[in-house]
Amino acid sequence: MKECKICIHTEKTKKIIGDLCIDCLTYKKYPIDFDKLKKEVEEVIKNLDKNKKYPCILAFSGGKDSIIALKILVEKFKIKPLCVLVNNKYLSQNAIENAINITNYYGVDLFIINKDFTQLFNEVIKKGESPCRRCSRLILREVWRVAKRFNIKYIFTGHEIPFGHSAIRDMKEGIKMVRLLSPYKIKEDEKYKLLENLPFKKPNLYGYTTNCLVLGVALERFYEKYGFSFEIDRVATLVRLGLLDKEKAKEHIKKPEVPKEIYEELRKRGLEI
Ligand SMILES: [Zn+2]
């Protein structure tokens, strides 16, 4: 099977021309200017109103990326955001504990919104589709509401892949979302090093997540239907940007073997699986 020389796409998942996939070919033609992303992000941070109780919001999931985003905001930029965690009923207990412990450690406020995404997950998993896009859209909607209520203009997130060629995207009514990690190109191993001295316990979840209980099962079902992982594009992008080794990336996109206990836990919380 033809394989892309740069990322992990094969002809099964992406069109390959010569020895590169079309995404890598496009990227070679229009690479991301990381210095520009950095300027964008740091300009926003410089202009935050530091006299406000909450100069910005951090969308906080208790997963490793949002924790690193908090670390950067507090340690590098001396900003204390309001951390907003939307608990969709399917976060691991461990992630919630991490969120509480880390925000305590940094002395920042954590606002937890309890929601129930059971219906969404049941629907999507039954069809063998990915729940991620719809789940994150709903979560961001809740975070946006908090921003609106507290009159906060910027929502930072722990995403590392920019919006195309920018770290910032407009939301409704003048509120902007900033992908804080996108300029800094932090590799997977470095992330765990950055977490070392923090009260972070790595959950025993497979695949890419350090917080979501549903992901494994969703990946499994999708895999059974399509024969590959719905994470392929995101993981391929990480490889293309040099954030993840090819070998590790291939591990990430294998079909997960979700342990029985996770199934039991999910059923207990309301999933019909
Ligand atoms: Zn490629």
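Highest mean first, how do 157-164, 220-227 rank when packing is the count of other Cβ atoms within 10 Å averaged over residues?
Going from most to least packed, we get 157-164, 220-227.
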Reach of Lys52 by Cα under 16 Å, taken over lysines that are not fewer than 8 positions away in the same chain = Lys78, Lys80, Lys148, Lys153
Hydrophobic long helices for the chain, i.e. whole DSSP H runs reaching 15 angstrom or more by Cα along the axis with Kyte-Doolittle mean at least 0.0, come out as 214-226
Give the order of Val84, Val217 when sorted by the count of other beta carbons within 10 angstrom, beginning with the fewest.
-> Val217, Val84
Under 18 Å Cα to Cα from Lys71, which aspartates and glutamates show up? Leave out anything in the same chain fewer than 8 places away.
-> Glu42, Glu97, Asp109, Glu160, Glu188, Asp189, Glu190, Glu196
Working out 0.36 nm times the residue gap between Glu272 and Lys5, then minus their Cα-Cα distance, what length gain in nm do you get to one decimal?
-> 92.0 nm
Please tell me the relative contact order of the chain in percent, rounded to the nearest whole number, where contacts are Cα pairs under 8 Å and at least six residues apart.
-> 21
Can you list the aspartates and glutamates whose alpha carbon sits under 13 Å from that of Lys127, skipping same-chain ones fewer than 8 residues off?
-> Glu220, Glu224, Glu272
Computed label-point distance, nm, for sites Lys176 and Ile112 using a 7 Å Cα→Cβ extension = 3.2
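With a cut-off of at most 16 other beta carbons within 10 Å, and DSSP calling the residue loop, which trypsin sites (Lys or Arg not before Pro) in the range 232-273 qualify? Please list them. Mind dumping the intermediate values first?
On the way: sites: Arg234, Arg240, Lys246, Lys248, Lys250, Lys254, Lys260, Arg267, Lys268, Arg269; in loops: Lys254.
The qualifying sites are Lys254.
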Net charge (Lys, Arg +1; Asp, Glu -1) of residues whose beta-carbon lies under 11 Å from that of Phe200, Phe200 excluded, is +3
Please give, to one decimal in nm, the separation of the simple spin-label points placed at Lys260 and Lys185, each 7 Å out from Cα toward the Cβ.
-> 4.7
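Can you tell me how the chain classifies by the Cα gyration tensor, rounded, prolate or oblate, using a/c under 1.5 as the rounded cut? Intermediate values should be presented prior to the final figure.
On the way: a/c = 1.72, a/b = 1.17, b/c = 1.47.
Because a/c hits 1.5 or more and a/b fails to exceed b/c, the chain counts as oblate.
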Return the single residue from Tyr154, Tyr192, Tyr90 with maximal mean-square fluctuation; model: Gaussian network over the chain, springs between Cα atoms under 10 Å.
-> Tyr192
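How much length, in nm to one decimal, is gained on full extension between Lys76 and Glu142, taken as 0.36 nm per residue of separation minus their Cα-Cα distance? Mind dumping the intermediate values first?
On the way: separation 66, 0.36 × 66 = 23.76 nm, distance 2.73 nm.
21.0 nm is the gain from fully extending Lys76 to Glu142.
Is the range 109-175 best put as rounded, prolate or oblate by its Cα gyration tensor, with a ≥ b ≥ c the root eigenvalues, rounded for a/c under 1.5, and otherwise prolate when a/b is larger than b/c, oblate when not? Can you show the working numbers first?
Numbers: a/c = 2.45, a/b = 1.40, b/c = 1.75.
Oblate, since a/c reaches 1.5 and b/c is not below a/b.
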Per residue of the chain, what 222 nm ellipticity follows from adding -39500 (n - 2.57) for every DSSP H run with n ≥ 4, rounded to the nearest 500?
-> -13000 deg cm²/dmol
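None of the figures in this text is laboratory data; all of them are computed from the coordinates on show. None of the values given here were measured: they were computed from a predicted structure. Virtual Cβ from ideal backbone geometry, glycine too; neighbours counted across all protein chains shown.
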